[in-house]
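Read the structure below first, then the notes.
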Amino acid sequence: MQFTDFGLDSRLMSMVEHLGFTEPTEIQQHAIPAAMAGHDLIASSKTGSGKTLAFIIPAMERLIRNRALSKRDPRVLILMPTRELAKQVFTQLRLFTSGSQFKAVLILGGENFNDQVKTLEKDPHFIVATPGRLADHLSQGHFYLKGLELLILDEADRMLDLGFSKQLKQINDAADHRKRQTLMFSATLDHAQVNEFALALLKKPKRIAIGSAHTEHKDITKRFYLCDNLDHKQDLLEHFLKTEKYQQVIIFTATRSDTDRLSKLLTEQGLSTVALSGELNQGQRNQIMDGFSKGQQKILITTDLASRGLDLVNVSHVFNFDMPKHTEEFVHRIGRTGRAGSTGDAISFVGPKDWISFKNVEGFLQQTFNFDVVDGLKAEFKGIKPKKPKGAVKAKSLSKANDKAKRVQPKKVVKRVFVAQDVGELPVLRKKSVLPVSEIDNNSETETD
Ligand code: AMP
């Protein structure tokens, strides 16, 4: 299939050609004709699949073909969960609007409010925004949405997870008229609140699920390494930064303090490094991301702040220095590499604290991963064997009285200690005290965690 098959307006088609796009990606093949036919959509697609153009192209087509419903109100509103993502969509949108009569503006939280009021007074056709700030302007009457033709919610699951449901409802209500079309994109359609929202906001939507977030990204090689502790992780990281042929690297850590510490360490080693920590203000974050996307540094260290959507085409390697807390973040993190057809490497370190997260990722992706080993850097940690369910089931079914009785039965206690030892290979045996099963289980969790 070619873009020419969509029957796009000739001006839009020449923009698409000028930008060098010939074949639509899978999500574009499905979403563009459905959106052009006027359907509401709920669509999922894996990261880096060309989702942004899947909504920008039908939006441009609609504006070119149809008369505006109102002279002053924005015609298309694109909502994104984070400022970085909104900036990125805006950049792609500008490629299309800059040669047209349509004005596009970007309204982000954390930036000057009064400047934004002036921007909105210019009656833009497109607004790309984060929901919180946009809802503030709406409440203060700086613009109206009665003439809105197309509402696009990108990364809807993330917006809802970030607590924007109130603002999204407010925006929806302000633009609630018969002619409005709504396109909703979400990393996963398997999300209760997304489905609830889809029911409330969309009219007879077409559902498009292209290789959901659960699907393996074929262009990304995933490697996993067991680690004993922080020093071991650092040694492995240093090893890979010396031995891997990389263009640009993103390293994901669990906390901001890890981000800062690692950045200091790698900078001291003379590596071109920058850290995106949450303590920076928006201007500083923008500057860092701009610099990194222009290739000013080789290595970006960050928490999950940068895990979604950012289109950094030169990132050849992603490191999970720590496994993510939220399982689906794994997919978003590794999706920062292998963008638009290029290949990438995702290297993950799995220590005792990462074990649960690692198992959750295996479950989420419905795959079992083997561990690779670096010569001279083999871990002693061998993973944590699952608990024997027998004891746990029994424990649940015990009444309080039985529990009490069990505590004074040495035979049972020995059995339970064995269960705990099996779980962690950690010093649970040290505890000679007589504990009920549930307490032993909790202890072993804490110690292995
Ligand atoms: P996205 O998933 O929207 O973040 O897009 C990921 C990357 O794919 C961006 O760099 C786009 O410019 C690129 N892209 C989008 N559509 C196409 C296409 N049809 N052909 C080639 N590259 C594309």
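Couple of notes before you dig in:
- Only residues that are modelled with pLDDT of 75 or more and in a helix (DSSP H, G or I) were counted in the stretch 335-363, giving 12.
- Any pair with Cβ under 6 angstrom, 6 or more apart, that starts in the stretch 378-393 at a residue that is assigned to a loop (DSSP other than H, G, I, E, B) and of a type in the set (D, E, K, R) and ends at one that is at pLDDT below 70 and surrounded by 14 or more Cβ atoms within 10 Å (Cβ to Cβ): K385/D422; K387/V423; K388/V419
- Filtered by the rule that a residue be within 14 Å of D258 (Cα to Cα), crowded, with 16+ Cβ neighbours inside 10 Å and at pLDDT below 85, the stretch 277-302 gives a lone residue, S277.
- For the stretch 19-47, the tally of residues that are free of Cβ contacts under 8 Å to residues at least 60 places away in the same chain and more than 13 Å from the ligand (Cβ to nearest atom) stands at 3.
- Unmet criterion (only one of (1) in a helix (DSSP H, G or I); (2) within 27 Å of the chain's Cα centre (by Cα)) for H39: (1)
- Matching helices (runs of 4 or more DSSP H) fully within the stretch 128-247 where at least 3 residues are without any contact (Cβ under 8 Å) to a residue 40 or more places away in the chain and out of contact with any strand residue (DSSP E or B) (no Cβ under 6 Å at 6 or more places or on another chain): 131-139, 165-174, 192-201, 230-243
- Matching residues in the stretch 249-297 - criterion: being in contact with an Asp or Glu (Cβ under 7 Å, 6 or more places away or on another chain) and of a type in the set (K, R): R256
- Taken over the stretch 50-69, the criterion of being away from the ligand (no atom under 13 Å from the Cβ) and either assigned to a helix (DSSP H, G or I) or at positive phi (or both) is satisfied by P58, A59, M60, E61, R62, L63, I64, R65.
The values are calculated or read from the model by the stated rules, or taken from the named source; none is laboratory data. Everything numeric here is computed off the predicted structure, so don't read it as measured data. Virtual Cβ from ideal backbone geometry, glycine too; neighbours counted across all protein chains shown.
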